[in-house]
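Here is the structure we will look at, set down as structure tokens.
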Amino acid sequence: ISAEEFIDKFGNWSAFVASSRTLSTIRASQAPSWSTLSYTGSIGAPSGNSRSYWDADFIFDAGLSENMVVATNNVDSPYFFTIDKDNTTFSDYTFLDSFMSKAKSVVAHDNRLVFFNVEANAVRHPHRFVFTPRGLPTSDSIFAGAGVIDDDAMRGIGQKVVRDREGLLFFTDREIWRARARLDIFAYDLFPLTQKLSCPYPRTIVNTALGVVFLAQDFEVYLIAGNVINPLSLLVQGEPSRIKKLLIDELTEPDRAWGLYHPRLNRYELYYNVSGGSYPAHALFFDFETRSWLQQRFASHELGAGLIWPEPDPAPGETWDQRGDTFDSTIESWNEAGTPQRPALEDADEMVFSSLGSAFRLLSAQTTDDGTAIDCRWRSHGMAGKRRLAYERLHEIWTEYEATSASSASVFCSYDLGTNFDSGFALSLKSSSH
């Protein structure tokens, strides 16, 4: 299962969720409901398997007068549909058939659609990317600006293309390349960002407020900010980070791992599985503000994808026409206006999807997963020595918490740098307290 968020031309939020065989949408409203899109076309409905993950993005098309979603899974012809509440179908995206028939990744950038790792005439081109003319996502006219770029210096197999504030990032399973837009017929300048790091796990690549985060081939999690790449975890010279050690010990089938960014909490979330043949039931949350990792375990469900679900406004509010006032007839000053009729959204929850197609919302007040207690773990940065054979005297520990119900915190101690822990003890935390 794959999931992406989109908006229509009026700014209304909706989401696209796809399995290997079906595509569905949901719109944020007081009574949201799923709508499964039916297929219209000549090539065939999706025929991928459980590892044929979808990549998708949206762009405004003047001919359709709507935002259109284009999705590709590297197995079938790309598909598209309009983000319209009345739309119930999706169709073959055949507008670039003169350049390609399949693609692994797609992104909208510089008012173009860009496809990466494409197939043309039954031949795979793992380093090639194809782009539409600027402002014409359904045109293949080279005279209008459509084109193809092959870079023979790029190594590896193309995994994903993403946009950031500097341009485009092309990830292969061996390197990472940067592309910047040009204003002439050549469209893009391309150069290697690093030839030592790569990301064979494209679903972990996520845009965040601070940059692009991804799980690299060495099982370290990195942040690309501009053209600078740094690990998220604190590193000690000559030693792997504790997150890398954890993932080396636990993670299996990393191609099933996926990532998510929670903008309100400023948090990157990495979901991964620990047993073969399954979907993720473990997660690592990285908080950018405290630069700390939090470990989550879900007892009852294997999770295949996720997105951020906005809370709908409690009331539709008035339009200017309904109000009937002009600025000249309004006698209130700004200070007299009081609170706005439509308050800002206070929350946004994660919606995750199981491998069986069920949707769940992650709520901060929820403490169980279908009756099983959620195991949430956090480790203080100040509890471990920075150097081997060094001493740290710990006189006092401060723990800040906020509990809406009675809970407990367990404390464990290790005398061998985290290899083994003692039995520990539990501290009772009162409800409705800090």
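The values are calculated or read from the model by the stated rules, or taken from the named source; none is laboratory data. All figures in this text were calculated on a predicted structure; none of them were measured in a lab. Backbone-built Cβ (ideal geometry, glycine too); neighbour counts: all protein chains shown.
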Give region 18-56 a look and list any residue that's out of contact with any Gly (no Cβ under 9 Å at 6 or more places or on another chain) and β-branched (Val, Ile, Thr), or say none.
THR25, ILE26, THR36, THR40, ILE43
Of the numbered conditions (1) surrounded by fewer than 21 Cβ atoms within 10 Å (Cβ to Cβ); (2) touching a helix residue (DSSP H, G or I) at 6+ places or on another chain (Cβ under 9 Å); (3) among the β-branched types (Val, Ile, Thr), THR204 satisfies every one except a single condition; which is it?
(1)
Condition check: surrounded by 15 or more Cβ atoms within 10 Å (Cβ to Cβ) and either touching a strand residue (DSSP E or B) at 6+ places or on another chain (Cβ under 8 Å) or modelled with pLDDT of 90 or more (or both). Does LEU210 satisfy that?
no
Taking ALA18, is it exposed (fewer than 12 other Cβ atoms within 10 Å of the Cβ) and at pLDDT 85 or above?
no
Tally, over region 175-194, of residues that are β-branched (Val, Ile, Thr) and farther than 21 Å from ILE229 by Cα:
1
Which one of the conditions (1) more than 20 Å from TYR53 (Cα to Cα); (2) in contact with a strand residue (DSSP E or B) (Cβ under 8 Å, 6 or more places away or on another chain) does GLU289 fail to meet, given that it meets all the rest?
(2)
Of the conditions (1) within 17 Å of PHE115 (Cα to Cα); (2) in contact with an Asp or Glu (Cβ under 8 Å, 6 or more places away or on another chain), THR82 fails just one. Which one is it?
(1)
Just to be sure before I move on: is ILE248 more than 22 Å from ILE1 (Cα to Cα), outside any strand (DSSP E or B) and in contact with a Ser or Thr (Cβ under 7 Å, 6 or more places away or on another chain) in the structure I sent?
no
Of all residues in region 60-102, which are over 22 Å from VAL123 (Cβ atoms), hydrophobic (A, V, I, L, M, F, W, C) and surrounded by fewer than 18 Cβ atoms within 10 Å (Cβ to Cβ)?
PHE60, ALA62, LEU64
Among the numbered criteria (1) touching an Asp or Glu at 6+ places or on another chain (Cβ under 6 Å); (2) part of a strand (DSSP E or B); (3) of a type in the set (Phe, Trp, Tyr); (4) touching a residue at least 60 places away in the same chain (Cβ under 8 Å), which single criterion is violated by TYR279?
(2)
Counting only strands (runs of 3 or more DSSP E) wholly inside region 144-223, the ones holding at least 3 residues that are in contact (Cβ under 8 Å) with a residue 40 or more places away in the chain and not aliphatic (A, V, I, L, M) are 158-164, 167-172
Those residues of region 125-176 which are touching a helix residue (DSSP H, G or I) at 6+ places or on another chain (Cβ under 8 Å) and not basic (Lys, Arg) amount to GLN159, PHE171
Given the structure, is LEU234 modelled with pLDDT under 95, outside any loop (DSSP other than H, G, I, E, B) and either among the aromatic types (Phe, Trp, Tyr) or touching a helix residue (DSSP H, G or I) at 6+ places or on another chain (Cβ under 9 Å) (or both)?
no
